[in-house]
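Worksheet: the structure to be examined is printed underneath.
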Amino acid sequence: MNVNPKETYPPIGTAEEEEAMMSIEKSPAHRVQRDEWADDVNTFEAWRTGVEEECRRTRAEAYRVASMSLVFQAVLFTSVAQTNRLDCSLAWSPIILCVMAGAASTIAMATKFWELAYLKHSIDVSSKTIKKIEGFLAQLETEGARMDLGPPFLDEIYVKPPPPPTCADLICYLLSPSRLSPLLFLLAFSIVVSLSSKRIL
């Protein structure tokens, strides 16, 4: 019977890492800076989570608007198809209602997609900031108290937020296939329902 040799595990940390951690504990400035960076990472992550939740809620609201518009127009078309009591003066009423519902829902959905562009921009900025702070934390854990925390270094701690998205950026986001397709579908559905209602009436 063969006996497997004892498994060997890598050390928890190298001597250099342990020395760096000890030097941080002995340096009040580096210890405070480490704690502040850790708190900043947690704060940015919590904020990013909130924005991501708002993104999901905004996207759900956009498609809820679209579904309500489709249901409304389908019910309206069904009512028109099953009745012959509309006189000439009322014949254009369902057609106008379909056009108005389609236009309103398309604008509402486009507005929600516009909001999503801003939210995604905010998520990107916070992600870059978190990544940079985590990089400084890793550097601090590696260098320990030898890490320079002087003014030139502190000026580059946080990512400078990029300018807000321009109108061209938002339009490009809005015209991407995943956003443009439902908008075109809403318009096409409204046109089809309107023309079908006109033919029936």
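The values are calculated or read from the model by the stated rules, or taken from the named source; none is laboratory data. In this text, all values refer to a predicted model and were calculated from it rather than measured experimentally. Methodologically, a virtual Cβ is constructed for each residue, glycine included, from the backbone with ideal geometry; neighbour enumeration extends over all protein chains shown. Please note that ligands, DNA and RNA were not included when accessible areas were found on the heavy atoms of the full protein model with its side chains. Shrake-Rupley method; radii C 1.70, N 1.55, O 1.52, S 1.80 Å.
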Contour minus Cα-Cα distance for Met21 and Cys172 (0.36 nm per residue): 49.6 nm
Most positive-pole-ward Cα, Pro94, Ile130, Trp37, against dipole of segment 29-143 from beta carbon charges: Pro94
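Would you please give the FRET efficiency between Arg199 and Arg59, computed as 1/(1 + (r/R0)^6) with r the Cβ-Cβ distance and R0 = 41 Å, to the nearest 0.05? Could you put the intermediate results ahead of the total?
Values: r = 36 Å, r/R0 = 0.87.
Computed FRET efficiency for Arg199 and Arg59: 0.70.
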Fraction of accessible area attributable to carbon and sulfur, segment 103-146 (%, probe 1.4 Å): 59
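Just subtract the alpha-carbon distance of Leu149 and Thr78 from 0.36 nm times their residue separation and send over the number in nm, one decimal. All intermediate terms of the calculation are to be shown ahead of the outcome.
Values: separation 71, 0.36 × 71 = 25.56 nm, distance 7.15 nm.
Here the answer is 18.4 nm.
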Gain on full stretching of the segment that runs from Glu45 to Phe185 - 0.36 nm per residue minus C-alpha separation: 46.8 nm
